[in-house]
1. Report, by residue number, each residue of region 485-511 that is over 17 Å from Arg526 (Cβ atoms) and among the aliphatic types (A, V, I, L, M).
2. Are any residues in region 444-458 within 10 Å of His373 (Cα to Cα), outside any helix (DSSP H, G or I), out of contact with any Asp or Glu (no Cβ under 7 Å at 6 or more places or on another chain) and of a type in the set (S, T, N, Q), and if so, which ones?
3. If Glu21 satisfies all but one of (1) of a type outside the set (Val, Ile, Thr); (2) touching a residue at least 12 places away in the same chain (Cβ under 8 Å); (3) surrounded by 16 or more Cβ atoms within 10 Å (Cβ to Cβ), what's the number of the condition it fails?
4. Considering only region 283-302, state which residues are crowded, with 18+ Cβ neighbours inside 10 Å and more than 16 Å from the ligand (Cβ to nearest atom).
5. Output the residue which, of all residues in region 651-704 that are part of a loop (DSSP other than H, G, I, E, B) and of a type in the set (Val, Ile, Thr), is nearest to the ligand (Cβ to nearest atom).
6. Over 24 Å from Phe166 (Cα atoms) and within 21 Å of the chain's Cα centre (by Cα) - does that describe any residue in region 638-657?
7. Looking at region 358-377, I want the residues that are buried (at least 20 other Cβ atoms within 10 Å of the Cβ) and have a partner that is at pLDDT below 95 with Cβ atoms under 6 Å, at least 6 apart or on another chain. Which pairs are those?
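The values are calculated or read from the model by the stated rules, or taken from the named source; none is laboratory data. Quick caveat: nothing in here was measured; it's all calculated off a predicted structure. Cβ atoms come from the backbone with ideal geometry, glycine included; neighbour counts cover every protein chain shown.
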Amino acid sequence: MKTQNKKIESYFSHESLGGIELSKEEIKTAFLEKLFYGIGRIPSVATTNDFYTALALTVRDQVFKRYVRSLEEYAELDSRGIAYLSAEYLPGPHLGNNLLNLEITEETREALAELDIDLEALLEQEVEPGLGNGGLGRLASCYLDSMATLGIPSIGYGIRYEFGIFNQTLKEGWQAEVTDKWLHYGNPWEVVRPEIAFEVRFGGRTEHGKNEDGTLKVTWTPDSEVKGTAYDTPILGYNSNGIVMRLWKAEAIDSFDFSAYNMGDYYRAVEKKMRSENITKVLYPNDENLSGKELRLKQQYFFVCCSLQDIIRLHLMQGRKLNTLSEKFSIQLNDTHPSIAVPELMRLLVDEHDMEWEEAWHVTRHTFAYTNHTLLPEALEKWSVHLLGRLLPRHMEIIYEINRRFLNELREKHYTGEQIARMSIIDERGEQSVRMAHLATVGSFKVNGVSRLHSRLLKSQVLNDFADLWPSQFTNITNGVAHRRFLAVSNPGLAELISEKIGKQWLTDLPQLKGLEKYADDVDFRERWMQVKLQNKIGLARHIKERTGVELDPSMLFDVHVKRIHEYKRQHLKVLHILSLYLRLKNGKGEGISPTAFIFGGKAAPGYFMAKRIIKLITSVAELVNNDKEVQDRLKVVFLPNFSVKQAQRVYPAADLSEQISMAGKEASGTGNMKFALNGALTIGTLDGANVEIREEVGEENFFLFGLNTEEVQTKKASGYHPYRIYDRNEELQEVIDFLISGELENGNTEIFRPVHDNLLQQDPYLLLEDYQSYIEKMEEIHEVWRSPVKWAKMSILNVARMGKFSSDRSIHEYAEEIWKVEPVKVQLSK
Ligand code: C3B
């Protein structure tokens, strides 16, 4: 960390780097310099992208300024650090967030305006890094934001996918996937660190020999190697420190094999290079349904191996011993995706650094902590012993050894054979496989779920044997969201109104929102509140018109369902509701229906048959409803393609109603639910995930609850669930379900939605029919409340006022106190 160059050092410690406040004039000058000298453009030929890039580079300088100050301070204090290991990140656009964090949004807007450049157009220009699928990736980015703001010395490690999550388009109403070329125009936010690179090995075999002193020595002779190079993106906190998101890109060890003396060898060398680079080519687009793809395991090991080597490098660089690793670092495993880190750290310590097994195990087990994000059986990662053993032969041996010792421990405690088989890291049923959640649990000092309900279910069901064995190892940290991005940046109108009443403290202390409660009874405030919402709805309606051609009347109730498409999230329950309203209107029974715009968004995993059919169902219902003259001003349906962080930032501020309608017990937490409520939407939801805690905070009178709870779901399933009986007894439901195969949705085609129809009548694994009536009735109540704008506005204000708990600052504070035991370090920012 320390440079040997005294002159540079004095430059750093001196204030010659400049203060942190930038004036409009300084921004203008810096921007023009970047445009001319940074990218070599003159205004007459510069494109919007050139302007955007010049501004991004201008802002990045300021971000780096804070980042290096933070680094210096962290190194100086020799503070404990956190490594957050995540296979996914969804940072969203950087520019707007960095401007807010530097507190220079308005100065920048004015500086650009004087050059006849519109800041909004440049913000629009940014292509976001889609390096994740959904909630899990976005949560990782929210956490980096809060770690930076709180001053937690930390690094977010991950994978620099060349192609992120696919772009979603619609073709005749079906999802079509288009490659995401997010790096096409370059990426001004990152810097490559060619000297921070590590080798990663795969395959081959191991040899067990002896050291000179007679101790055991294992040598792993791999059959291929690649290199991982670090790409750093600084992440800035609000008026605070900077940290780094370090993503690894795979490259061939040597560009070309010059020893190749004939064409055949030369082409083989080229192929080898391409094969190496494949590892970080593309993100797997599966959300919570992980198929055993070899390349995916390679990705996981690749980024874990680079990250651990980097952590060890940083640790040793500070002149420390490896057996103190856990005193200086906690490594958080974001789900099981990085859990191969457990045997990898053991390998590094034992094989490469000659540590005794017992000591290495002590270090390992005191370094890792594991966050579980799902209870869905299909999402719990398992790797076949055969595949893992072929790709990582040494790791397979180490896993067996960890397991052998663990099972011995159980035997000593008189566990039965059945219990031992259940808890083993190796699943012996069918083809032998490695249960990654068990590996992560055995290798960590803490395991946490992501909402109170989820953590309870984790302890009582999925990992119950482990929770009985090590009760104090289990804890809960309820998720939170980066409220600066999802309120201050994306809803400036509301943010301003809030700050006018309660000051700006809420930006770093969200519970301050409580101060808004007293304005719920203030007529003038309520009107301004709803006026902001209306303006946001006008903006979203304009965007939707541009993207889809559908025109929405902003005075309609905006009823929004955005998230990944998954049967357990029950987008199709929403569709059944829409059809029930449509049929009521057609049958002349639509008195209680308030004019509503139903807005959907979300991607489906490309191989997920039912999810893709649900998208088609939504777009078909949209076609029918939007083109039916009889219902046109009463109902509108849109599917907004390519839901992303950028889209999300437009959608949440404009929503009146937030749909959080998963079957109870399935959604680990949800974080969209928080972003909606934070922007003044009311929630209709089940008692699932963090909905439970949101309802508790905002008050049950300000939350629209429906459906079975988790226990009722389980009882219903255990006692034999017969969806057909429900169908048989409910006339309106019959009409709705029959409609799916009536041919009216798809020009006489009765087959297209038959799979949905049959699934609901025969299995209905997510209990749509069971919860249907309760949902319909709750929606009727909502439409009634909507007709009383005063009541609605009050509820909306109270929701926002009581969302203080759901900032990711609070979550990170809890991780820091309960799990990481790390003290925040606030860097003094010179003014
Ligand atoms: C998600 C869960 O589905 C959400 O309930 C949760 O809010 C987020 O994680 C964050 O904790 N999740 C995901 O996006 N991908 C997975 N593979 C597993 C869980």
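1. Across region 485-511, the qualifying residues are Leu487, Ala488, Val489, Ala495, Leu507, Leu510.
2. Asn448
3. (3)
4. Within region 283-302, Lys298, Tyr301, Phe302 qualify.
5. Once the filter is applied, the top-ranked residue is Thr671.
6. Scanning region 638-657 turns up at least one residue that is over 24 Å from Phe166 (Cα atoms) and within 21 Å of the chain's Cα centre (by Cα).
7. Thr374/Glu288
Condition check ((1) in contact with a Phe, Trp or Tyr (Cβ under 8 Å, 6 or more places away or on another chain); (2) assigned to a helix (DSSP H, G or I)) across all residues:
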| site | (1), (2) |
| --- | --- |
| Lys717 | no, yes |
| Phe739 | no, yes |
| Gly748 | no, no |
| Glu751 | no, no |
| Leu761 | yes, yes |
| Asp764 | yes, no |
| Leu798 | no, yes |
| Val827 | no, no |
